[in-house]
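Chemist: Dumping the structure here so I can ask a few things about it.
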Amino acid sequence: MRNTVAISEAKQIQVPQLVGLPVRKAIEVAAAAGFEVEIAGSGTAREQAPAAGTMVSAGTKIAVKCAR
């Protein structure tokens, strides 16, 4: 008898563009798209990872670096 494990692909969602947004707005946009964010700094989002447009699994956390 052979056991088989089926691995289903997790639902892929597109990372929103957060660069250029104020911190509060970046958090709102990410949350609306189903993401959590990890913010470093304050002011305006200057960098994000993963990049906008990347297809990732639901539940992926977006790292955002901010500066004034």
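Where a number appears in this text, it was derived from the coordinates with a stated rule and is not lab data. The structure presented is a predicted model; accordingly, all values stated were derived computationally and were not measured. Glycine also receives a Cβ, built like all others from the backbone with ideal geometry; neighbour counts cover every protein chain displayed.
Chemist: Once you list every other residue whose beta carbon is under 14 Å from the beta carbon of LEU18, what net charge do they have if Lys and Arg are +1 and Asp and Glu are -1? Could you put the intermediate results ahead of the total?
Modeler: Values: positive: ARG24, LYS25, ARG46, LYS61, LYS65; negative: GLU28, GLU36, GLU38, GLU47.
My count for the surroundings of LEU18 gives +1.
Chemist: In vacuum, with every alpha carbon of the chain counted as one equal point scatterer, what does the Debye formula give for log10 I(q)/I(0) at q = 0.14, 0.15, 0.23 Å⁻¹? Two decimals, please.
Modeler: Log-scaled intensity ratios, in q order: -0.42, -0.47, -0.89.
Chemist: Shifting gears a bit: Between GLN14 and ARG68, what is the FRET efficiency for a Förster distance of 35 Å, r being their Cβ-Cβ separation, to the nearest 0.05?
Modeler: On the way: r = 28 Å, r/R0 = 0.81.
Efficiency, from the Cβ-Cβ distance: 0.80.
Chemist: Give me VAL56, VAL15 sorted ascending by neighbouring Cβ count inside 10 Å, so fewest comes first. Mind showing how you got there, number by number?
Modeler: Values: VAL56 16, VAL15 19.
Fewest-to-most ranking of VAL56, VAL15: VAL56, VAL15.
Chemist: Would you please give the residues with an amide H less than 5 Å from that of THR44, counting only those at least 5 places away or on a separate chain, with H modeled from the backbone geometry?
Modeler: Sorted by chain and number, the residues that satisfy this are ALA67, ARG68.
Chemist: Under the rule of -39500 (n - 2.57) per DSSP H run of 4 or more residues, summed and divided by the residues of the chain, what mean residue ellipticity at 222 nm is obtained, to the nearest 500 deg cm²/dmol?
Modeler: Values: 1 runs with 10 residues, N = 68.
Counting only the DSSP helices, I get -4500 deg cm²/dmol.
Chemist: So in the chain, what percent of DSSP beta bridges are antiparallel if you round to the nearest 5?
Modeler: Numbers: 9 of 14 bridges.
Percentage antiparallel, nearest 5: 65.
Chemist: Helix 23-32 versus the longest principal axis of the chain: what is the Cα-based angle in degrees, 0 to 90, to the nearest 10?
Modeler: Helix 23-32 and the main axis of the chain meet at about 30 degrees.
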